[in-house]
Amino acid sequence: DDDDDDDGGGGVLGFDRLRYFGFMPDEIAMFRLQFHGSRLRQLGQPVNAATMAALLRDADDMRRVEEDWITSERAADVDAERTAAAQHEAEREALDGTLRDFFFGLLAGFV
């Protein structure tokens, strides 16, 4: 399906979207094995040839899990950016108030 949108994954799910960023199929396969191996360990399941083969047989489910992880990571990044921006804005407002108070206090001392 190389006719999918060239926008970094339009219509392509999971790690398959990495091909739009120049990754080779063997590199994507390695990402996939590492990701799903780690996921199986977190779930307390054995990581062996049989469990990995079973995972690869259900390619649609495998890609949905990858896509869920990608979108959850993207959402976490957006939340972190919003939090950092709000914190920066609060610090800037506090500094503006402090500088204003300092300036008017200094001005009052000279009058």
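Which pairs have Cβ atoms under 7 Å, sit 6 or more apart or on different chains, and link a residue in the stretch 51-64 that is touching a residue at least 24 places away in the same chain (Cβ under 8 Å) to one that is open to solvent by 50 Å² or more (accessible area, probe 1.4 Å) and in a helix (DSSP H, G or I)? Between residues of the stretch 51-64 that are touching a residue at least 24 places away in the same chain (Cβ under 8 Å) and residues that are open to solvent by 50 Å² or more (accessible area, probe 1.4 Å) and in a helix (DSSP H, G or I), the close pairs are MET62/LEU56.
Close contacts from the stretch 12-34, counting a first residue that is without any contact (Cβ under 8 Å) to a residue 60 or more places away in the chain and a second that is of a type in the set (D, E, K, R) and surrounded by 14 or more Cβ atoms within 10 Å (Cβ to Cβ), with Cβ to Cβ under 6 Å and a gap of 6+ residues or different chains, come to VAL12/ASP4; LEU13/ARG63; LEU13/GLU67; GLY14/ARG63; GLY14/GLU66; GLY14/GLU67; PHE15/ARG32; PHE15/GLU66.
When the residues of the stretch 61-90 are filtered to those that are at pLDDT below 85 and aliphatic (A, V, I, L, M), the one that is farthest from ARG32 (Cα to Cα) is ALA90.
The values are calculated or read from the model by the stated rules, or taken from the named source; none is laboratory data. Remember, predicted model here, so these are calculated numbers, not experimental data. Don't worry about glycine lacking a Cβ; one is built from the backbone with ideal geometry, like all the others, and counts go over all protein chains shown. Remember, those area values only see protein heavy atoms, side chains included, never the ligands or the DNA or RNA. Shrake-Rupley method; radii C 1.70, N 1.55, O 1.52, S 1.80 Å.
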